[in-house]
1. Run the dipole for the chain about the Cα centre, Lys and Arg Cβ at +1, Asp and Glu Cβ at -1, nothing else charged, and hand back the magnitude in debye, nearest 20.
2. Once a ≥ b ≥ c are taken as the square roots of the eigenvalues of the Cα gyration tensor of the range 5-224, is the result rounded (a/c under 1.5), prolate (a/b larger than b/c) or oblate (a/b not larger than b/c)?
3. Find which of I114, P142, H104 sits farthest along the positive direction of the dipole of the range 5-224, computed with +1 on the beta-carbon of Lys and Arg, -1 on that of Asp and Glu, about the Cα centre.
4. Can you put L94, L25 in order of Cβ neighbours within 10 angstrom, beginning with the fewest?
5. Under a plain spin-label model, where a point goes 7 Å from the Cα along Cα-to-Cβ, how far apart in nm are E54 and H28?
6. Quick one: E20, E27, fewest Cβ neighbours within 10 Å first, how do they rank?
7. Report the one residue of W50, L61, S7 whose Cα lies farthest in the direction of the positive end of the charge dipole of the range 1-134 (charges on C-beta: Lys and Arg +1, Asp and Glu -1; origin at the Cα centre).
8. Determine the gain in length on full extension of the stretch E221-S73; use 0.36 nm per residue of separation and subtract their C-alpha separation, reporting nm with one decimal.
Amino acid sequence: MRKVEFSPSLMTMDLDKFKEQIEFLNEHVDSFHIDIMDGHYVPNISLSPWFIEEVRKISDLPMSAHLMVTDPSFWVEQLINVKCEWICMHAEVLDGLAFRLIDHIHNAGLKAGIVLNPETPIETIFPYIELLDKITIMTVDPGFAGQRFIETTLDKIVALRKLREEHSYDYVIEMDGSSNRKSFKRIDEAGPDIYIVGRSGLFGLDKDIKIAFHRMKTDYEEMTGKIMS
């Protein structure tokens, strides 16, 4: 059976309980998702490479940076410096930069990912799709937690799975946005490899991270009929 991974979006965690929540999640999830926003590409500002260094002090889990920025070159360099395992850039800002930045990330021994907004077709990344380690499909408009789930975006996940099988590509497929009890069943049918869970799917379920995680696990298992490993 396909193993599904869960990656909490730390932008939505309770920073007053930073150490407590990270230490608990260390034992229960597969990676951490770090949203980096510059206030220009999206009208919000969040987290930074410095935050990754702080998480590293109490966690050995892989970290995936999601760059919602207009100048990816600057941020890629910063993330290489802190050895962020996954560096994921928006396709919409990569015109003329994609091959150079993907190669730069790989040459640093790290993994390169691409993120697609809801309205961006997967054909946009066909010129360099074979170079990618991860493709993230936004199922909400980017920039803020709690956006409306756009169900039609899941068709891209299905298409990417088919392409991967047909061409023996190596990328993993990730979904980002409103992953929770209401959407778990439909997401599971589309079949991503990684679920990003944020406020509605995890951190907002209870102030106690142990209770919140148990509720998320129960929600996933009840809605999909599968056991969350």
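Bear in mind these aren't lab numbers, they're just calculated from the coordinates by the rules spelled out. The structure displayed is predicted, hence computed values, not measured ones. Positions of Cβ are backbone-derived with ideal geometry, glycine not excepted, and every protein chain shown enters the neighbour counts.
1. That gives the chain a dipole magnitude of about 540 debye.
2. Oblate.
3. The residue sitting most towards the positive pole is P142.
4. Result, fewest neighbours first: L94, L25.
5. 2.2 nm
6. E27, E20
7. L61
8. Contour length minus the Cα-Cα distance gives 49.3 nm.
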